[in-house]
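A short write-up of the structure that comes next.
The values are calculated or read from the model by the stated rules, or taken from the named source; none is laboratory data. Everything numeric here is computed off the predicted structure, so don't read it as measured data. Please note: Cβ atoms are built from the backbone with ideal geometry, for glycine as well, and neighbour counts cover all protein chains shown. Keep in mind that these areas ignore ligands, DNA and RNA; they rest on the heavy atoms of the full protein, side chains included. Shrake-Rupley method; radii C 1.70, N 1.55, O 1.52, S 1.80 Å.
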Amino acid sequence: MKTAIVTGANRGLGLEVVRQLAGQGVRVLLTSRTEAGAAGAMQVEAGEIIYHQLDIADPESIQSFANYVRTDIGTVDVLINNAGIHYDTFQNTLTADFHIVEEAWQVNTLGPWRLIQAIYPQLRKGGGGRVVNVSSASGSFVESWPGTPAYAVTKAALNMLTLKLSADLANDKILVNAVCPGWVRTRMGGQNAPRSVEEGAHSILWAALLPDDGPTGGFFRDGERLPW
Ligand code: NAP
């Protein structure tokens with residue numbers, strides 16, 4: 001049975017990704033920064049879903065989670081860096097509050113980077129891992145739009161991290177891709193978004209369950225390549 005880790009999985013896209021993966025027979029580590037926040041998720045989930053605390057902005061939490069994965073889980077097949085924050089429509093580059101920029105950097109970029117370093121030994125063990133960085137077209141140099149400076153810059157950096165990691169993990173046959181789920185009805189996306197969480201999560205699952213000859217170092221939505 002495959003084992004997957006999903007960050008920021010107590011609600012929104014992360015929770016739906018957990019549901020869909022578990023539905024496909026994957027053992028899923030549902031993680032969230034507070035156990036209280038995941039309480040609702042845990043009530044509806046069961047079976048092959050295991051909860052563990054993970055605050056992606058806190059290096060100590062990442063280390064303690066990695067220790068748990070090493071001692072209690074063993075091999076990891078899929079890592080989904082889903083947690084994300086600060087779709088900052090209320091500011092632009094000139095008015096940006098650097099406290100917001102700094103928080104976005106910690107969660108959207110450094111968190112995924114630190115987590116991959118920390119669980120790399122377990123990811124490598126399976127001999128064919130998958131890493132999915134949940135990004136956004138907002139971080140694309142071609143598709144981005146005005147506003148949301150903290151979000152766009154940190155997602156663009158996540159895209160570059162994806163590219164660098166894909167090269168560094170190629171010898172381990174680990175496929176690393178960035179995925180934009182589209183504009184989705186979640187707390188971040190708001191209720192006017194055209195896509196359901198089911199549709200958005202489907203796009204993420206595509207990259208999580210790629211065959212061994214699947215692409216690496218790419219940016220995708222619905223399995224279709226997006227421009228960086
Ligand atoms: P959401 O409903 O706001 O969920 C965000 C999740 O991230 C929550 O579970 C939140 O947990 C978690 N999180 C925040 N800070 C964290 C931290 N320090 N450690 C661990 N988890 C943390 O948003 P969403 O729409 O599901 O977003 C999921 C991903 O999709 C994000 O990366 C987002 O950028 C991306 N995305 C979304 C859209 C969209 O339209 N919705 C479009 C493109 C990309 P708490 O409950 O504890 O805050």
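Assorted remarks:
- Residue match in the range 96-113 (condition: among the polar types (S, T, N, Q), open to solvent by 20 Å² or more (accessible area, probe 1.4 Å) and within 12 Å of the ligand (Cβ to nearest atom)): yes
- Scoring PRO211 on the criteria (1) within 13 Å of the ligand (Cβ to nearest atom); (2) not in a helix (DSSP H, G or I) leaves a single failure, condition (1).
- Across the range 7-24, the number of residues qualifying as near the ligand (Cβ under 6 Å from one of its atoms), crowded, with 19+ Cβ neighbours inside 10 Å and not small (Gly, Ala, Ser) comes to 3.
- THR93 under 18 Å from SER64 (Cα atoms), assigned to a loop (DSSP other than H, G, I, E, B) and either more than 14 Å from the ligand (Cβ to nearest atom) or modelled with pLDDT under 95 (or both): no
- Residue list for the range 75-95, restricted to those being in contact (Cβ under 8 Å) with a residue 12 or more places away in the chain and open to solvent by 10 Å² or more (accessible area, probe 1.4 Å): THR75, ASP77, ASN82, ALA83, GLY84, ILE85, HIS86, TYR87, THR89, GLN91, ASN92, THR93
- Candidate set: the range 155-184, residues that are of a type in the set (S, T, N, Q) and without any contact (Cβ under 8 Å) to a residue 60 or more places away in the chain; chosen: the one farthest from the ligand (Cβ to nearest atom): ASN171
- Residues within the range 149-163 that are in contact with a helix residue (DSSP H, G or I) (Cβ under 8 Å, 6 or more places away or on another chain) and either open to solvent by less than 10 Å² (accessible area, probe 1.4 Å) or among the basic types (Lys, Arg) (or both), tallied: 5
- On inspection, GLY218 does not qualify as open to solvent by less than 20 Å² (accessible area, probe 1.4 Å) and over 17 Å from ARG130 (Cβ atoms).
- Residues in the range 121-151 that are of a type in the set (Lys, Arg) and part of a helix (DSSP H, G or I): ARG124, LYS125.
- Scan of the range 49-77 for residues that are away from the ligand (no atom under 11 Å from the Cβ), in a loop (DSSP other than H, G, I, E, B) and not acidic (Asp, Glu), ordered by number: GLY74, THR75, VAL76
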